[in-house]
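K.L.:
One structure is given below, represented as structure tokens, and several questions about it will come after.
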Amino acid sequence: MNASIIQKFFVDGPAGRLETILAEPKSKPCGIAIIAHPHPLYGGTMDNKVVYTLFNTLLELDLITVKFNFRGVGNSAGIYDNGIGEVDDVVTITRTICNQFNNQLTHLPLLLAGFSFGGAIQAHAAQHLNPQHLILVAPSVANLNAPLVHNQARHILVIHGDQDDVVPLQTVLDWATPQSLAVEIIPGAEHFFHGQLTALKQTILRSHQL
């Protein structure tokens with residue numbers, strides 16, 4: 001992994017401590033990335049392989065990269081809160097990390113990324129955090145009534161597989177089209193991107209310019 005420092009620690013969240021992993025790139029960081037994992041009630045954790053791919057890819061792009069477990073997952077305190085408390089978790093993590101690395105002389109651009117449930121949560125969190133960048137992978141926008149994000153970030157990347165039977169592609173297109181958001185479609189990819197993680201990484205590297 002292209003990291004000089006990897007830290008494991010807890011952040012004090014609204015429902016208790018949140019288990020967090022942070023990596024700093026070897027090069028001078030060009031931003032801060034906060035990654036949200038898939039649904040806690042269906043086995044989603046920060047160790048999910050799509051989250052792992054996002055983590056490594058964003059680190060490769062020289063961002064300070066953070067992943068964490070939502071309340072009630074892994075060693076994080078609390079219980080699942082139907083997406084409401086989970087948005088608060090993202091906001092708390094983000095503000096804590098930004099306060100740690102930003103100062104009067106430096107203000108690093110913020111990137112919010114998420115997969116599935118985590119993607120929809122980041123759409124909600126963007127309303128509070130005003131990130132410069134959003135990366136939403138197979139976001140469950142319909143199930144979590146995700147808000148419009150076209151005015152919330154300068155650069156928005158939505159990625160989906162055309163074989164996704166968990167979050168149907170059409171639901172994402174129906175959400176993205178009124179916002180004039182392009183959706184990067186990976187042919188042959190299903191929801192968990194089995195055998196398509198390299199394609200996912202290359203889509204981010206190709207599309208995302210910081």
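K.L.:
What strands (runs of 3 or more DSSP E) lie completely within the range 1-57 and have 2 or more residues being touching an Asp or Glu at 6+ places or on another chain (Cβ under 6 Å)?
P.N.:
Working: elements: 5-13, 16-24, 32-36.
Correct list: 5-13.
K.L.:
Filter the range 87-106 down to residues that are in contact (Cβ under 8 Å) with a residue 40 or more places away in the chain, open to solvent by 10 Å² or more (accessible area, probe 1.4 Å) and β-branched (V, I, T) and give me whichever is nearest to A125 (Cα to Cα).
P.N.:
Per the criteria, the residue is V87.
K.L.:
In the range 182-193, what residues are open to solvent by 30 Å² or more (accessible area, probe 1.4 Å) and assigned to a loop (DSSP other than H, G, I, E, B)?
P.N.:
Once the filter is applied, which keeps residues that are open to solvent by 30 Å² or more (accessible area, probe 1.4 Å) and assigned to a loop (DSSP other than H, G, I, E, B), the range 182-193 yields A182, P187, G188, E190, F192.
K.L.:
Let me ask you something else. Is it true that Q202 is modelled with pLDDT under 95, not in a strand (DSSP E or B) and not β-branched (V, I, T)? Walk me through it before giving the result.
P.N.:
On the way: modelled with pLDDT under 95: no; not in a strand (DSSP E or B): yes; not β-branched (V, I, T): yes.
It is false that Q202 is modelled with pLDDT under 95, not in a strand (DSSP E or B) and not β-branched (V, I, T).
K.L.:
Specify which of the listed residues (K49, K8) is among the basic types (K, R) and touching a residue at least 60 places away in the same chain (Cβ under 8 Å). It would help to see each step written out before you state the result.
P.N.:
Working: K8 fails: touching a residue at least 60 places away in the same chain (Cβ under 8 Å).
The conditions single out K49.
K.L.:
While we're looking at this one, here's another question. Might you let me know whether the range 137-146 holds any residue that is farther than 23 Å from H194 by Cα, crowded, with 17+ Cβ neighbours inside 10 Å and modelled with pLDDT of 95 or more?
P.N.:
Yes, there is a match, as at least one residue in the range 137-146 is farther than 23 Å from H194 by Cα, crowded, with 17+ Cβ neighbours inside 10 Å and modelled with pLDDT of 95 or more.
Residue by residue, here is whether (1) open to solvent by 10 Å² or more (accessible area, probe 1.4 Å); (2) over 15 Å from the mean Cα position of the chain (by Cα); (3) small (G, A, S); (4) closer than 19 Å to A123 by Cβ holds:
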position	(1), (2), (3), (4)
G13	yes, yes, yes, no
L18	no, yes, no, no
G44	no, no, yes, yes
L59	no, no, no, no
F68	no, no, no, yes
G74	yes, yes, yes, no
G78	yes, yes, yes, no
D81	yes, yes, no, yes
G85	no, yes, yes, yes
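The values are calculated or read from the model by the stated rules, or taken from the named source; none is laboratory data. Note that the structure is a prediction, hence the values are computed from the model and not measured. Here Cβ is always computed from backbone atoms with ideal geometry, including for glycine, and neighbour counts include all displayed protein chains. The area values use the complete protein model at the heavy-atom level, side chains included, leaving out ligands, DNA and RNA. Shrake-Rupley method; radii C 1.70, N 1.55, O 1.52, S 1.80 Å.
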